[in-house]
Every structure is written in structure tokens, then in C-alpha cells.
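Working notes, structure below.
The values are calculated or read from the model by the stated rules, or taken from the named source; none is laboratory data. The structure presented is a predicted model; accordingly, all values stated were derived computationally and were not measured. Ideal geometry is used to build each Cβ from the backbone, glycine not excepted, and the neighbour counts take in all protein chains shown. Please note that ligands, DNA and RNA were not included when accessible areas were found on the heavy atoms of the full protein model with its side chains. Shrake-Rupley method; radii C 1.70, N 1.55, O 1.52, S 1.80 Å.
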Amino acid sequence: MKSYDIVIVGGGPAGLAAAASAKENGIDSILILERDRELGGILNQCIHNGFGLHTFKEELTGPEYAGRFIEKVEDLGIEYMLNTMVMDISTDKVVTAMNREEGLFEIQAKAIILAMGCRERPRGALNTPGYRPAGIFSAGTAQRLVNMEGYLPGREVVILGSGDIGLIMARRMTIEGAKVKLVAELMPYSGGLKRNIVQCLDDFNIPLKLSHTVVDIDGKDRVKGITLAQVDERNKPIPGTEEYIPCDTLLLSCGLIPENELSRGLGIDMEAVTNGPIVNESLETSAEGVFACGNVLHVHDLVDFVSEEAAMAGKNAVRYIKEARNEEVARIDMVPTDGVRYTVPKYIRLEKMEDTLTVRFRVGGVYKNCYISTYFDGERVMKRKRPVVAPGEMEEIKLSKAKLAEYPNLKTITVKIEEA
Amino acid sequence: MEKRELICIGCPLGCMLTVELEGAEVVNVTGNTCPRGKTYAEKEVTNPTRIVTSSVKVSGGDRVSVACKTKNDIPKGKIFDVARALKDVVVEAPVCIGDVLLENVADTGVEIVATSTAKRK
Ligand SMILES: Cc1cc2nc3c(=O)[nH]c(=O)nc-3n(C[C@H](O)[C@H](O)[C@H](O)COP(=O)(O)OP(=O)(O)OC[C@H]3O[C@@H](n4cnc5c(N)ncnc54)[C@H](O)[C@@H]3O)c2cc1C
Ligand code: SF4
């Protein structure tokens, strides 16, 4: 069996940044396994710009951003295998993978970094009875068709769900000559970034119908139209608000969830809110020496933060290999509450913490003029005023090790939204 | 004095900006996290521009299309002219990131550059 110090599953921005960071922190034996025919992950189909302002101080498109990291990985001489699908990971860190040249094969790793990204939610949001005519696509599939296959899947389009991919596809299909009639969103707020609403909808006068959903699809072989209806506070369609919209294509943008088959197969503890693994301050899962970063951990909207998080995972994997383990260390639990839905990490071991630690989270609703407050046990130690927070945008707080050390018996750190 | 609320599109943070105008002149910008926000606000109220991203067909390559963008931003009103100008463009592989695919697109004085690669088949 071949063996490597660090095996990285997935060659998207997370896998690439983790690999580069592991190498820079002094480990040479690294292997990236990628199932696609090229490195770069989802960024290869995200040809719009807006990537990398924080990392490179310039605005790049997806493939350009990925290109920078691919170049870095090549320059550092890191090994990777393409067209190679990881099938299974065992708790003793044997990775089982498959490709055309070698068939099924095993690799022994000392540490593993999970970087498999995310996939689109299945058609959950669409519970309409009747036929499934042609012309219904997920927004991500449509993105791949238009941007990589050069094929426009329809001319008159309705988009259900206002996640970023849906918004970006509204603009993309408009530029390609399609008529995007509207974007319907079940919730009373958009799930996408504000800038995407401005640039992708407002710029082209595409209406965003909040608190609306599709209740019926017309057409047997091909979509001929949809029926739109307004919903009440319990997301139930309000009778009498139905409106028929002729169209030949319906795009579903129902959000993303971490690709978690391998994580589940490994038997690691999962976080119900994110659908990703539970991790500690080192981004290590409940399986010792198995780390997670990027969209497989929790779905990000900014690739810059993916790269940053992944670099930490790479560094920590190196530390895990090089340092002796001291078994039982005290742990401080992170408690998300009052509007904060989850935190990454979920718990902190002070001994292993860096000087500062970024804790990322999402909120469950739109809150205006609020504080993001942090409590050490019962005491509020930090509050930050925010004009508005929304579920579509990831938030963060920074914890300092020095500050934590001032509270020797600290058990919990609570993060919550408070009225200002 | 006139006040206008804008959302900065300089980066995905999407800061909420308030622009104070004296006639056609910008006198103050608040709400921006970085200097780009101020530049954006000043431009957006006087001469709004955008970067256009799209793709063009490739012949003889290992893929059917490559991604591209306007090298600099172009007037917002010209987005569709740029899109139309790209419709019939076919470029010969190989293509590298940064290659100029079209000069002076739709008379904007701006180049179209490749943002992804295509190797020869
Ligand atoms: C449509 C869309 C638009 C976005 N827009 C922006 C934007 O404007 N600005 C911005 O900053 N960010 C944006 N993002 C966010 C950013 O692109 C992602 O957060 C980022 O790509 C996540 O990186 P990742 O490496 O975690 O996942 P991915 O890019 O998904 O990479 C995961 C990789 O793992 C591979 N893989 C999965 N399972 C296996 C397996 N079993 N074996 C081998 N390989 C496997 C996959 O093939 C893939 O290459 C956008 C994301 C999407 C989806
Ligand atoms: S002001 Fe700066 S940080 Fe804020 S959205 Fe604009 S570019 Fe981004």
C-alpha cells in the first residue's frame, strides 16, 4: 500500500489551499485526490467576477482565482491525481480510491483533510404535483451547461430560490439572450449576497418576488408555464394570489449542503445545522487526525474565507503529525443561541488554540441594528454593533487566546444576537 | 442636499453606503469598509460601470468554450452591446488566462481577455 503523510480529498480551493499550507509548514509527502478532470472545484464553472478581493486585493473570476492556487500547488511540487474518486475512508486513515488506470486502490495516510465541497440541495423546495416535464434544471446544472458546455437551456426563464447561484444565473442567462421573468423566493428575505441582487437583478430590472413560491408547473413534455403564489407567515400559499407565468424553463436554486457521504461513512460526529462535521479549534473532526475545511465543513459564500480556513486546516494537520498528543485536555464549548444557528468550531481546547481564532457562524433571520455578543460563561466580554445581519451572509467573531486565558475555569462561550 | 443609499458591489461584503450629493457633486460617502467603496459610490451616482463576464467558443481545443471578461469596466448601458459582440467570436486553441481575445469591444476601448484556459486537442 502507498503511504503519504497527508492525503487531501478534493482539489477545489479548499484542498488546494490546505495542500499549499501543509507544504509551507514543512511536510513534503502530500497527495491531493480529485474526481474531476481538472483542479479548481466549483470555481471552474463560476466565471463571474468577485473572487479574491480579500486575498489578492483584486477582483478575479472563479477560474482565475483557482488558477492562482493551482499554479502555487504546481510550483510547490505537490502531487495530485485527477479523475480519481475517493470511495471510503477508514478510521485508521486508509483511503480507498478508484480511477481508470489503477482501478480500486488504497493509500495509508497519517492525517487526512476533507475538502469535498458541497452539492445542490435536491428539489426539496418544489412539492408540486403532476408531471416532470423537460426544462426544469437546478441552477448549478444550468451554470455548468451555459458556462462550460456553451449551451443555453432555455429562452423564457423563471427562477425559484434566491440563493447566489440562482441570482448569478439570472444575469448570465439574460446576457446570453434569454428573458428571465422573475426570481421567486419563499422566504421574506433573499438567501443571496446583497451585491448579487444589485448586479444580477436590479441592473436588468428582473423582479425579486419575496414570500412567493411555485405551486404548479404546466406542460407535459416541456415546461409551458408555472403558477406563482404568495405565501403566508407559515410558508403556505395564499388562495387567490395565484398568477400564471408563461415560460419554457424553471431553474431551482434551493441552496447547497456539504458533500457528506465520506464524513458519514467515517462515522464522525456531524452538526445537524450545517450538515458538516463537528470540529474543534484546529478544524479537526471527532476522528483524530481527520480535518475538514471549505464547503464540506459549512457552506461559505466567500471563497477568500474558504482559502483562509483551509490554510489553517493544512497547518494543523502538520502540527498533528509533528507534535505529541496529550490526551485529555479541557474543552470549552461554543454555544450558539438567540439567532445564531451554529458556530465553527464547536469547541475549543485552549492549549491548542492559536493566538487568535476566527469563529464563523450564520444567523437564522434578518436582524437590524443589533449586537453580536460574546459571553464567557455568564459574562458579556464582547459586543459588536451591526446595522444588519442576514442568513445569506456568514458572520464572524475573533477570540484571543490571551483573553481566554484570563478565565481559567471557562466552560462555555456563548454567541448571540442582542437588540441594540 | 440629496442623500442616496447604495450597496457597494466592490466585493461580496456588500457594504451599505450613504452618498451625500450637492447637485451633481458627491460631498460625502459613509458606510464603506474600504476605500474602494468610496470610489464605487462616486462612480455609481455619476457614471455607473460594470465588468462583463461571459464565454466564447473555442475551435480545436480540449473544451468547447473559454471564459472571458472585459479587462476594465465598461459603461452599464453597454452591457448588451458587449454581449452581442461576443456571440459570434470563435477563438483558436490554445488559449491562456489573460490572452486578449478581442480589442475595443463594442467601441468601448476595452479589451476582452480570457479567464480560463483551453489546450489544443
Ligand atoms: C455558484 C456559486 C457561486 C459562488 N460565487 C462566489 C463569489 O462570487 N465570490 C466568492 O468569493 N465565492 C463564491 N462562491 C463560493 C466559493 O466558490 C466556494 O465557497 C468554494 O468554491 C468552496 O471551495 P471548496 O474547495 O470547499 O469546494 P469545491 O470548489 O466544491 O471543491 C470540492 C472538490 O472536491 C471534489 N470531490 C468531492 N468529492 C470527492 C471525492 N469523493 N473524491 C475526490 N474528489 C472529490 C470535487 O470534485 C471538487 O473539485 C460561489 C459558490 C458557488 C457554488
Ligand atoms: S466598501 Fe470595500 S469592503 Fe465594502 S463592499 Fe465595497 S469593496 Fe467591499
ask   = Based on the mean of other beta carbon atoms within 10 Å per residue, what is the order of A:111-117, B:104-110, most packed first?
value = A:111-117, B:104-110
remark   = In degrees, nearest 10, the alpha-carbon axis of helix A:303-322 is tilted away from the dominant principal axis of the alpha carbons of chain A by 20
Length added when fully stretched, A:Asp202-A:Arg144, from 0.36 nm per residue minus Cα-Cα = 18.5 nm
request  = Give the shape of region A:1-153 as rounded, prolate or oblate, defined through the alpha-carbon gyration tensor: a ≥ b ≥ c are the square roots of its eigenvalues, a/c under 1.5 means rounded, and otherwise the shape is prolate if a/b is larger than b/c and oblate if not.
outcome  = oblate
task = Would you mind checking the tilt of helix A:13-24 against the longest principal axis of the Cα atoms of chain A, expressed as 0 to 90 degrees and rounded to 10?
result = 20
task = Please list A:165-171, B:91-97, A:58-64 highest first by mean number of surrounding beta-carbon atoms within 10 Å per residue.
result = A:165-171, A:58-64, B:91-97
query = Which is farthest toward the positive dipole end of region B:2-47 among B:Val45, B:Thr18, B:Cys8, measuring Cα position about the Cα centre, with Cβ charges +1 (Lys, Arg) and -1 (Asp, Glu)?
reply = B:Cys8
task = Pop out a list of residues from region A:162-176 that are at least 50 Å² less accessible with all the protein chains around than in their chain alone; 1.4 Å probe, no ligands or nucleic acids counted.
result = A:Ile175
ask   = How high is the FRET efficiency from A:Val94 to A:Thr227, r the C-beta distance, R0 41 Å, rounded to 0.05?
value = 0.20
query = Sorted by accessible area with a 1.4 angstrom probe, largest first, how do A:Ser400, A:Ser253 fall?
reply = A:Ser400, A:Ser253
ask   = When ligands, DNA and RNA are left out and all protein chains stay put, how many square angstrom of accessible area per residue does region B:2-47 have with a 1.4 Å probe?
value = 55
remark   = Rounded to a whole number, the Stokes-Einstein D of region A:23-105 in µm²/s (Kirkwood radius over Cα pairs; 4 °C; 1.567 mPa s) is 89
ask   = What is the interface area between chains A and B, defined as buried accessible area summed over both chains with a 1.4 Å probe, reported in Å² to the nearest 100?
value = 2700
ask   = What residues in region B:20-62 lose 30 Å² or more of accessible surface when the other protein chains are added to their chain alone (1.4 Å probe)?
value = B:Arg36, B:Arg50, B:Ile51, B:Thr53, B:Ser54, B:Ser55
remark   = Spelling it out for A:Gly225: with amide H atoms placed in the peptide plane at 1.01 Å from N, the residues 5 or more places away or on another chain with amide H under 5 Å from its amide H are A:Asp218, A:Cys247
inquiry  = Relative to 2.2 N^0.38 Å, what does the C-alpha radius of gyration of region B:19-121 come to as a ratio? Two decimals please.
reply    = 1.36
request  = Evaluate the charge dipole of chain A about its Cα centre and quote only its size in Debye, nearest 20, assuming +1 on the Cβ of each Lys and Arg and -1 on the Cβ of each Asp and Glu.
outcome  = 840
ask   = What do you get when you divide the Cα radius of gyration of region A:322-420 by 2.2 N^0.38 Å, with N the number of residues?
value = 1.13
remark   = Output field shielding_mean for B:1-10 (other chain Cβ, 10 Å radius) holds 3
ask   = If you take the beta carbon distance between A:Glu288 and A:Phe56 as r and set R0 to 35 Å, what does 1/(1 + (r/R0)^6) give as a FRET efficiency, to the nearest 0.05?
value = 0.50
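By how many nm would the segment from A:Ile238 to A:Asp377 lengthen if fully extended, with 0.36 nm per residue of separation less the alpha-carbon distance?
Difference between extended and current length: 45.5 nm.
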remark   = A student asked for the Cα radius of gyration and Dmax of chain A in angstrom ought to give 22.5, 67
query = What average number of partner chain Cβ atoms lie no more than 10 Å from the Cβ of the residues making up A:405-415?
reply = 0
request  = State, to one decimal in nm, how far the label point of B:Thr33 lies from the label point of A:Asp269, with both points 7 Å from Cα in the Cβ direction.
outcome  = 3.1
query = Per 5 Å bin, what percent of the C-alpha pairs of region A:81-186 does each bin hold, from zero upward?
reply = 2, 9, 17, 15, 12, 9, 10, 12, 9, 5, 1
inquiry  = Through the Karplus equation 6.51 cos²θ - 1.76 cosθ + 1.60, θ set to phi - 60°, convert the phi angles of region A:51-61 into ³J(HN,Hα) values in whole Hz; use x for Gly and Pro.
reply    = 9, x, 4, 6, 7, 10, 6, 8, 9, 10, 8
message = Taking θ = phi - 60°, what integer Hz values does the Karplus form 6.51 cos²θ - 1.76 cosθ + 1.60 yield along region A:380-391, in sequence order, with x for Gly and Pro?
response = 6, 10, 8, 8, 10, 6, 10, x, 7, 10, 8, x
remark   = Sorted on mean Cβ neighbours within 10 Å (highest first), peptides A:262-272, A:42-52, A:221-231 come out as A:42-52, A:221-231, A:262-272
request  = Two decimals is fine: what's Rg over Rh for region A:243-352, C-alpha atoms, Kirkwood radius as Rh?
outcome  = 1.11
query = For region A:144-228, what is the charge dipole size about the Cα centre, in debye to the nearest 20, if Lys and Arg each add +1 at the Cβ and Asp and Glu each add -1 at the Cβ?
reply = 80
message = Please compute the volume of the convex hull spanned by the alpha-carbon atoms of region A:160-204 and report it per residue in Å³.
response = 61
Percent of beta bridges antiparallel (DSSP, region A:181-231, rounded to nearest 5) = 65
request  = Send over a whole-number figure in Å² for the accessible area per residue of chain A, probe 1.4 Å.
outcome  = 42
task = Report, by chain and number, residues whose modeled amide H sits under 5 Å from the one on B:Ile7, excluding near sequence neighbours (fewer than 5 apart, same chain).
result = B:Leu17
ask   = Which percent of the accessible area of the protein assembly as shown is formed by carbon and sulfur heavy atoms (probe 1.4 angstrom)?
value = 49
key: Label-to-label distance, nm, for residues given as B:Glu103 and A:Glu79 (7 Å Cα→Cβ offset)   = 4.8
Of all DSSP beta bridges in chain A, antiparallel share, percent nearest 5 = 60
key: Sequence-distant residues sharing a close amide H with A:Val180 (under 5 Å, placed H)   = A:Val157
query = Which of the listed residues, A:Pro258, A:Ile8, A:Asn369, is farthest toward the dipole's positive end in the protein assembly as shown, when Lys, Arg count +1 and Asp, Glu count -1 at the beta-carbon?
reply = A:Asn369
inquiry  = Step by step: find N for region B:2-47, compute 2.2 N^0.38 Å, then divide the Cα radius of gyration by it. What's the final number?
reply    = 1.01
remark   = If R0 = 56 Å, then A:Lys401 and A:Arg155, at their Cβ-Cβ distance, give a FRET efficiency to the nearest 0.05 of 0.45
